[in-house]
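Worksheet: one structure, shown below.
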Amino acid sequence: MADQAITAMSAEAKRAEFESGTAADPGNGELWGRFVKFELEEGGGIEAARAVYERLLAALPDGEMHMWDWFWREREFGDVDSQRRVLQRWARWAQAQGGGFLRSKDGWWDYLEFEINNGGGVERVRAVGEALLATFPMDPHAYVMYIRALAALSRHVEAEALARRGVKELSAFCRGHDEFIWRFMAVYLKRLRERRSTAWDEDMFSD
């Protein structure tokens, strides 16, 4: 019983130090990260860590890497809804920034993969795909990512319609960049004819 009291006091003392430190230096991302780790390993667990992440991102609203750290932490606990909420938060931030994930498309790839692998269904995939295109409207790779996500759900008619939409949009504004979509679609349609996999994790340019 005495040992439990000492442990509890120690945790409270550590938390008080983090509270004092982050209040004095709210822009210290490293300190916030240690605060999260403390809650996960010694403090109140994932619920307490979520509260710290919220405060961290209020102090550092452009802390993209902290958003992804939060997502990967949530994955450790397997709560799909919590993971999705973090991804939705990141997507709103990324759209406002005109990119995200170090201004690349890797984060959108991870978001689409998450919805495909966690039963998000076509409606959620569409929502992410449309957000991706709104963020990168003139990028053929963005269209191909969205097409691949639809293909992974066997929405082949919709995927082909999206490809035609992409070619139309790209040809109107940056003629020549639509070639990547046509090249991808040739491989994709060949796989369909041959009844080969169009799964998300398949390399469709390996032919």
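Which chymotrypsin sites (Phe, Trp or Tyr not before Pro) does region 48-107 hold that lie in a coil by DSSP with at most 13 other beta carbons within 10 Å?
Those that pass, being in a loop and sparsely packed, number zero.
Can you tell me which of 120-126, 13-19, 161-167 comes out highest on packing, and rank the rest after it, using the mean Cβ neighbours within 10 Å?
Descending packing order for the listed peptides: 161-167, 120-126, 13-19.
Okay, helix-only estimate at 222 nm for the chain: each DSSP H run of n ≥ 4 adds -39500 (n - 2.57), divide by all residues, round to 500 deg cm²/dmol; what do you get?
Mean residue ellipticity, 222 nm, calculated: -25000 deg cm²/dmol.
Kirkwood hydrodynamic radius, computed over distinct alpha-carbon pairs, for the chain: how many Å, to one decimal?
Result for the chain, one decimal place: 19.4 Å.
Shape of region 104-207 from its Cα gyration tensor (a ≥ b ≥ c, root eigenvalues): rounded if a/c is under 1.5, otherwise prolate when a/b > b/c, or oblate?
oblate
Read-outs: derived from the displayed coordinates by stated rules, not from any lab. Everything numeric here is computed off the predicted structure, so don't read it as measured data. Glycine gets a Cβ as well: all are built from the backbone with ideal geometry, and neighbour counts include every protein chain shown.
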